[in-house]
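**Q** The structure that follows is given in the form of structure tokens.
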Amino acid sequence: MEEINELVNIVNGWVWGPYMLVFLVGTGVYLTLRLVFIQVRLLPYALRQAFGKHEDGDDHEGDVSHFGALMTALSATIGTGNIAGVATAVVLGGPGAVFWMWASAFFGMATKYAEGILAVKYRVTNSKGEMSGGPMYYLERGCNLKWLAIAFAVFGTVASFGIGSSVQSNSVAGALHASLNVEPWITGVVLTIFTGLVVLGGIKGITRAASVIVPVMAVVYVLGGLLVIGGDLSAAGAAVERIFHDAFTWEAGLGGALGGMIRYGVARGVFSNEAGMGSAPIAAAAAKTDHPGRQALVSMTGTFLDTIVVCSITGIILVMAMNNPGFLAGDLKGAALTTASFNFLLPGFGGYIVTFGLVFFAYSTILGWCYYGEKCATYVFGEGFLHTYRIVYVATVMMGTVVSLDFVWNLADTFNGLMAIPNLIGLVLLAGVVVKETKDFAEKRKKGELP
């Protein structure tokens with residue numbers, strides 16, 4: 001077993017190593033240039049499409065609204081990475097890692113946009129009349145690379161059992177046991193029941209739950225974080241100043257820390273917003289829309305909300321605490337460090353903001369990843385495998401609360417990273433299609449054919 005774990009660690013180091021991060025960010029830079037900085041030009045319009053009041057016509061193909069598709073994607077995206085992942089980046093890479101997290105998100109918005117366009121353009125209707133789409137479909141139908149599509153789907157299926165279910169439920173159980181002394185098995189039973197009730201309803205059930213849970217949890221966490229930041233604006237300003245200073249500090253570069261800072265900032269940013277990983281377009285494919293470009297813009301806002309908004313709250317508060325000589329972090333890391341930082345700056349209440357966020361962020365991730373995993377599994381094994389997959393997935397939720405998950409975490413993290421390789425290949429090969437669809441959408445809007 002030790003040999004297997006060592007092998008997984010070696011592969012994991014390669015998957016999340018510098019070459020992969022360059023591939024991820026480089027694809028985002030390439031798409032940003034091809035799309036003429038669409039994440040800057042059309043972000044206001046994209047946010048209006050995501051949150052504005054407009055009708056999703058019944059004559060449009062799709063299963064759920066633009067908002068519902070975005071919430072489903074965000075349910076899987078906003079997770080432990082926004083709390084524990086940011087803290088890991090700051091501990092390993094220093095405060096400047098937050099800046100590189102922002103940088104990866106900026107270019108990741110173009111990546112997420114491209115994923116959204118291809119997801120809708122190459123989606124298919126299954127035997128139940130539901131939409132199925134994502135990297136496996138645009139790799140097969142757009143690139144004629146069936147073997148690569150199968151590889152992505154296999155990686156996604158395996159990753160879902162870890163990064164989507166057991167690892168998340170383990171985080172919830174740990175947080176509730178530490179904060180409220182709730183026994184892990186009790187958390188497991190409750191999570192398993194609620195997960196089963198929701199996921200049996202398929203995409204529509206998951207979307208209904210996500211459309212309630214995601215906005216509430218995000219607003220509570222962001223408002224709680226702003227309360228902490230607003231309590232000492234001068235300290236918050238100093239934290240932002242240090243983030244920018246350390247991101248480019250010459251001394252850090254001479255010490256070899258600059259490379260690590262960029263690596264951990266980019267890696268944790270990608271882990272949090274999943275731009276380029278290929279998971280979010282699976283949800284985007286279910287949207288009712290009149291043009292691939294419209295849903296792509298909505299998908300793009302997910303990266304903005306996840307990293308530029310939510311992760312920034314966590315990162316600034318962590319640096320605020322670190323700047324204070326009275327804050328003793330000791331050996332704390334991950335979610336424990338974030339909790340301690342919130343509690344230090346907002347005594348008696350701050351820690352509960354993190355606990356609330358962690359519980360609901362993780363639970364929403366469980367729901368979103370079930371949809372991702374089942375679409376990957378049925379692509380490989382057929383639609384008859386759907387019920388078996390859901391039963392196994394729900395069982396791993398319970399398993400995650402009562403067993404040690406070091407090996408499972410490493411394995412899931414590895415397969416999660418492996419998903420990016422075929423997806424990025426597809427994005428690069430189909431960049432011309434993305435540009436063409438983008439121009440078509442712009443022309444139709446200019447002519448008044450589309451709102």
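The values are calculated or read from the model by the stated rules, or taken from the named source; none is laboratory data. What you see is a predicted model; the values in this text were computed from it and never measured. Methodologically, a virtual Cβ is constructed for each residue, glycine included, from the backbone with ideal geometry; neighbour enumeration extends over all protein chains shown. To get the accessible areas, we keep the full protein, side chains included, count just its heavy atoms, and leave off ligands, DNA and RNA. Shrake-Rupley method; radii C 1.70, N 1.55, O 1.52, S 1.80 Å.
**Q** Please name all residue pairs, on different chains or six or more residues apart, with Cβ atoms under 9 Å, provided the first residue is in region 119-143 and is at pLDDT below 85 and assigned to a loop (DSSP other than H, G, I, E, B) and the second residue is open to solvent by less than 40 Å² (accessible area, probe 1.4 Å) and not charged (D, E, K, R).
**A** 126/132; 126/378; 128/202; 130/202; 130/203; 130/286
**Q** A follow-up question, please. Just to check your reading of the model, which residue among 377, 362 is at negative phi, modelled with pLDDT of 90 or more and either crowded, with 24+ Cβ neighbours inside 10 Å or not acidic (Asp, Glu) (or both)?
**A** 377
**Q** For the subset of region 172-213 comprising residues that are modelled with pLDDT of 80 or more and not in a helix (DSSP H, G or I), which member is farthest from residue 395 (Cα to Cα)?
**A** 181
**Q** Further, regarding this structure: Can you tell which of 182, 120 is among the aliphatic types (A, V, I, L, M), in contact with a helix residue (DSSP H, G or I) (Cβ under 6 Å, 6 or more places away or on another chain), over 20 Å from residue 279 (Cα atoms) and open to solvent by less than 50 Å² (accessible area, probe 1.4 Å)? Talk me through it step by step, then tell me what you get.
**A** Details: 120 fails: over 20 Å from residue 279 (Cα atoms).
Of 182, 120, the one residue that is among the aliphatic types (A, V, I, L, M), in contact with a helix residue (DSSP H, G or I) (Cβ under 6 Å, 6 or more places away or on another chain), over 20 Å from residue 279 (Cα atoms) and open to solvent by less than 50 Å² (accessible area, probe 1.4 Å) is 182.
**Q** Kindly indicate whether any position in region 289-299 is under 12 Å from the mean Cα position of the chain (by Cα) and open to solvent by 10 Å² or more (accessible area, probe 1.4 Å).
**A** Checking region 289-299: at least one residue is under 12 Å from the mean Cα position of the chain (by Cα) and open to solvent by 10 Å² or more (accessible area, probe 1.4 Å).
**Q** Next up: Where in region 43-111 are the helices (runs of 4 or more DSSP H), entirely inside, with at least 3 residues that are surrounded by fewer than 24 Cβ atoms within 10 Å (Cβ to Cβ) and at pLDDT 80 or above?
**A** Filter on region 43-111 gives 43-51.
**Q** Next question, about the same structure. Can you confirm whether residue 368 is buried (at least 18 other Cβ atoms within 10 Å of the Cβ) and not aliphatic (A, V, I, L, M)?
**A** Values: buried (at least 18 other Cβ atoms within 10 Å of the Cβ): yes; not aliphatic (A, V, I, L, M): yes.
It is true that residue 368 is buried (at least 18 other Cβ atoms within 10 Å of the Cβ) and not aliphatic (A, V, I, L, M).
**Q** Scan region 153-163 and give yes if some residue there is without any contact (Cβ under 8 Å) to a residue 24 or more places away in the chain and open to solvent by 10 Å² or more (accessible area, probe 1.4 Å), otherwise no. Can you show your working first?
**A** Filtering region 153-163 down to residues without any contact (Cβ under 8 Å) to a residue 24 or more places away in the chain leaves none.
The answer is no; no qualifying residue exists.
**Q** May I pose another question? Only one of these conditions is not met by residue 166: (1) touching a Leu at 6+ places or on another chain (Cβ under 8 Å); (2) surrounded by fewer than 24 Cβ atoms within 10 Å (Cβ to Cβ). Which number is it?
**A** Unmet condition: (2).
**Q** With the structure loaded, tell me whether residue 401 is surrounded by 15 or more Cβ atoms within 10 Å (Cβ to Cβ) and touching a Pro at 6+ places or on another chain (Cβ under 9 Å) or whether it fails that test.
**A** yes
**Q** Now for a different question. Here are the criteria: (1) within 27 Å of residue 199 (Cβ to Cβ); (2) in contact with a helix residue (DSSP H, G or I) (Cβ under 8 Å, 6 or more places away or on another chain); (3) modelled with pLDDT of 85 or more. Tell me which single one residue 324 does not satisfy.
**A** If we test residue 324 against (1) within 27 Å of residue 199 (Cβ to Cβ); (2) in contact with a helix residue (DSSP H, G or I) (Cβ under 8 Å, 6 or more places away or on another chain); (3) modelled with pLDDT of 85 or more, just (1) comes out false.
**Q** Report the residue count in region 138-160 for those that are under 18 Å from residue 389 (Cα atoms) and over 16 Å from the mean Cα position of the chain (by Cα).
**A** 8
**Q** Considering only region 204-237, state which residues are polar (S, T, N, Q) and surrounded by 14 or more Cβ atoms within 10 Å (Cβ to Cβ).
**A** Residues satisfying the conditions are 207, 211.
Residues checked against (1) under 16 Å from residue 231 (Cβ atoms); (2) open to solvent by less than 50 Å² (accessible area, probe 1.4 Å); (3) part of a helix (DSSP H, G or I); (4) aromatic (Phe, Trp, Tyr):
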position	(1), (2), (3), (4)
313	yes, yes, yes, no
318	yes, yes, yes, no
327	yes, yes, no, yes
331	no, no, no, no
335	no, yes, yes, no
338	no, yes, yes, no
342	yes, yes, yes, yes
351	yes, yes, yes, no
355	no, yes, yes, no
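Matching residues to (1) open to solvent by less than 60 Å² (accessible area, probe 1.4 Å); (2) under 28 Å from residue 144 (Cα atoms); (3) in contact with a His (Cβ under 6 Å, 6 or more places away or on another chain); (4) of a type in the set (Gly, Ala, Ser):
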| position | (1), (2), (3), (4) |
| --- | --- |
| 387 | no, no, no, no |
| 396 | yes, no, no, no |
| 411 | yes, no, no, no |
| 424 | yes, yes, no, no |
| 434 | yes, yes, no, no |
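**Q** Filter the helices (runs of 4 or more DSSP H) completely within region 369-451 down to those with at least 1 residues that are charged (D, E, K, R) and within 20 Å of residue 300 (Cβ to Cβ).
**A** In region 369-451, the matching helices (runs of 4 or more DSSP H) lie at 431-446.
**Q** Scan region 5-40 for residues that are open to solvent by 90 Å² or more (accessible area, probe 1.4 Å), farther than 18 Å from residue 297 by Cα and not charged (D, E, K, R) and jot them down.
**A** Residues satisfying the conditions are 7, 10, 14, 19, 22.
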